[in-house]
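Here the structure is laid out as structure tokens; the discussion comes afterwards.
No lab work stands behind these numbers, since they all come straight from the coordinates. Computed from a prediction, not measured in an experiment: that's the story for all the values here. No Cβ is skipped: glycine too gets one built from the backbone with ideal geometry, and neighbour counts run over all protein chains shown.
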Amino acid sequence: MSQAIVTPDATRQRAIGQIVLLAAGVLVLVLVSASSVILVNQARKDNAWVVHTVEVENQISTLLLQIRRAESAARGYLLTSDPQFLTEHEYARATILPDVDKLTRLAGDNSVQIENSRQLRAPVEARLAEFAKAIDFVKRNDIPGGIAMLRQPGASDSVQRINEVATAMRTEEDRLFALRTATADHTQLLASVVTVAGSALVIALAGISMVLVRRSARARDQAEMLLRHNNLNLEATVDDRTAELREANNEIQRFAYIVSHDLRSPLVNIMGFTSELEELRHDIFRRIATLSREEVAASALPLVPGAIEPALEGQDKQLSQDFAEALGFIKSSIAKMDRLITAILNLTREGRREFEPVRIDTRELIEGIVATVAHQAAEAQAQIRIEPLPDIVSDRLALEQIFSNLIDNALKYVRPGMPCDIAIRGRTKLGFAIFEIADNGRGIDPKDHMRIFDLFRRAGAQDRPGQGIGLAHVRALVRRLGGTISLQSALNQGSTFTLTLPIAWSASNRNKDT
Amino acid sequence: MSKPVTIIMIEDDEGHARLIERNIRRSGVNNDIIPFTNGTDAINYLFGEDGSGVAHKGEALLILLDLNLPDTTGIEILRRVKQNQHLKCAPVVVLTTTDDSQEIKRCYEFGCNVYITKPVNYESFANAIRQLGLFFSVIQVPPAAA
């Protein structure tokens, strides 16, 4: 496999990179938005200041205009004595001082202007006083006095002073205007720069993200393809192996079947001819008895006709007994061998039986088994406790054999002088039902734990009848049901057999070709 | 009864053959027993050179058949016998060590008349064979159909 396999490290790095990128994008967006808001606010403030400057200038102009109006009206009045001019003068005059106040108020933000506006007030008031004096002259019909009054050098002083201050204020405001305009421009420029730069950054980040996303999508597609490929491969491999295993298993089954079958054939002969020998033995010893009796002609004991075992004496009797003993051993050995072969045959036959999954009420099933061993249980003074058990889908007959063998064993191998206590527990875990058959019996030495599941192997004192088939059978059945069996035990500490079976076993591929 | 029944015994194990013969004789059956120790010889005898079995037309046969033969299976012989028009009426007694229910079913499906398992327990074996001998002495075997 030459493709670049995506290592977990690289994947993690990429994931971290993407997170960092996203975070950076969000951060930039937030920054751009915040600074935009701040800058826009700043610009508004700056503009307000510019407007303010213009207002101040405007106010200065208004003030000067009003002073001029007052002056020209006063002059008009001096020349013509027309009361209309007087009215106009009074009107203009009335606005001058509030205008000065307004100007002072407006210019209140700037110490220079405060000073200027304060300076303005005195000459304006002086000028107004001059106007009043001049008009007073007219009212007293002393027009030339009034004209002279207005022409007094003192008068032009205040006018000049007003002009000077106004010019100074204008100059200051012009300076401020220039400054504030520049600031406003600067702020706006900054705002646009920030916006443009932020947008550019966001676009760049988005671009990088897209590239990364595309790259990771491609990597994912590749990984997916690889995975699919591997899955297919794996399935094929598993199928192959399963087929091989099944083939091997079938071969073993056939082998066991044929072997046990063919072993039986000579056994029939051995047994048959042994029985024939037994017949012959009868005949031979009957003849020996007859012959020896004929030799001892005057026999005291008459031959009982039809007697199966004619009376023999001394050496002959010994011979006959030896003969019978030898035949007895042969026959019992043959019987034992036949039982073993039958066991193998049954095992292979069990291996070929088709299992049928049905829903099983486990408790009911075990109660049934317990009922059938009630007699043995009473003999062993056994107490069998059935705790709540999960129901499963499995083969009923197989399950019955498994539990009945295990319970049988628990009842069989009790600890002497101790009432037997058997507990059957159950629970479920990840689709498997776990059953425990725990006893307080004689226990099994840990070195025998593997052995006892083998055919014809037994552990501990051989003081109970048995062939060593039960557990081998149990293990074969459990395996066929897709489960496992394990054992925790120590000598004199009781044994716990743990059975793990799928909760919903289906007659899967294991059954297909058996 | 024109001709006495001939017993054809197809059994590869000579010991078994001897035991069977002995027990048949013990039950008082004195018919001819023709033993074969392999399938090929038995087939040659039964079906003749041309494989038609015409040689045994009109003979009364009883076949004792073991299923495990070295060269062919007893099932095959059973099938051929039951398909042959001259031999199909001959009763076939299958005598074998297999007590597999599938195998037994198959034999009956192919037309076997009696199926006997050879038990290792000699007493019951001997008994079974003697019963079979008694059975031979009372059954009517039809002469193979023309």
If you line up the long axis of helix A:83-106 against the longest principal axis of chain A, both from Cα atoms, how many degrees apart are they, to the nearest 10? 40 degrees
Can you find, among A:Gln493, A:Ile407, A:Ser81, the residue farthest towards the positive end of the dipole of the protein assembly as shown? Put +1 on the C-beta of Lys and Arg, -1 on that of Asp and Glu. A:Ser81
Taking chain B as a Gaussian network, Cα atoms linked when under 10 Å apart, which of B:Leu46, B:Leu78, B:Leu19 shows the biggest mean-square fluctuation? B:Leu19
Using Cα atoms only, what is the angle between the long axis of helix A:153-295 and the major principal axis of chain A, expressed in degrees (0 to 90) to the nearest 10? 0 degrees
As an exercise, use a Förster radius of 25 Å and the Cβ-Cβ distance of B:Ala55 and B:Gln131 to find the FRET efficiency, rounded to the nearest 0.05. 0.20
Can you give the helix-only mean residue ellipticity at 222 nm for the protein assembly as shown, where every DSSP H stretch with n ≥ 4 adds -39500 (n - 2.57) and the sum goes over all residues, rounded to the nearest 500 deg cm²/dmol? -23000 deg cm²/dmol
Which percent of the Cα-Cα distances in chain A go past 37 Å? 70 percent
Chain A: relative contact order in percent, alpha carbon pairs under 8 Å with at least 6 residues between: 11 percent
Spin-label model distance (nm) - A:Val196 vs A:Ala217, 7 Å beyond Cα toward Cβ: 3.3 nm
In this model, which of A:Lys102/A:Lys133; A:Lys45/A:Lys102; B:Lys57/B:Lys118; A:Lys336/A:Lys412; A:Lys331/A:Lys447 are farther than 24 Å apart at the alpha-carbon? A:Lys102/A:Lys133; B:Lys57/B:Lys118; A:Lys331/A:Lys447
Would you list the membrane-span-like helices of chain B, meaning whole DSSP H runs whose alpha-carbon atoms span at least 15 Å along their axis and whose mean Kyte-Doolittle value is at least 0.5? B:122-138
Which one of A:Leu227, A:Leu267, A:Ile252 has its Cα pushed farthest toward the positive end of the charge dipole of segment A:210-303, where Lys and Arg give +1 and Asp and Glu give -1 at the Cβ? A:Leu227
Computed over segment A:39-130, the relative contact order (Cα-Cα under 8 Å, seq sep at least six) in percent reads 24 percent
Sorted by chain and then number, the residues having a modelled amide H within less than 5 Å of the amide H of B:Gly53, at least 5 places away or on another chain, are B:Gly48
Quick one: putting +1 on the C-beta of Lys and Arg, -1 on the C-beta of Asp and Glu, what dipole do you get for segment A:140-221 around its Cα centre, in Debye to the nearest 20? 680 debye
May I ask you to derive the FRET efficiency for A:Asn58 and A:Thr80 from their Cβ-Cβ distance with R0 = 35 Å, giving the value to the nearest 0.05? 0.65
Report the calculated FRET efficiency for A:Thr498 and A:Phe255 (r = Cβ-Cβ distance, R0 = 30 Å), to the nearest 0.05. 0.45
Length-normalised contact order for segment A:433-508 - Cα pairs under 8 Å, 6+ apart - percent: 43 percent
What is the spin-label model distance, in nm, from A:Ile203 to A:Gln467 if the labels are put 7 Å beyond Cα along the C-beta direction? 8.9 nm
For chain B, what is the percent of antiparallel DSSP beta bridges, rounded to the nearest 5? 5 percent
Dipole magnitude (debye, nearest 20) for segment B:1-129, charges at Cβ of Lys, Arg, Asp, Glu: 520 debye
With angles folded into 0 to 90 degrees, how steeply does helix A:314-352 sit against the dominant principal axis of chain A? Use alpha carbons for both and round to 10. 30 degrees
Ranking A:Gln42, A:Ser61, A:Pro98 by how far each Cα lies towards the positive end of the charge dipole of segment A:1-108 (+1 on Lys and Arg Cβ, -1 on Asp and Glu Cβ), the top one is A:Gln42
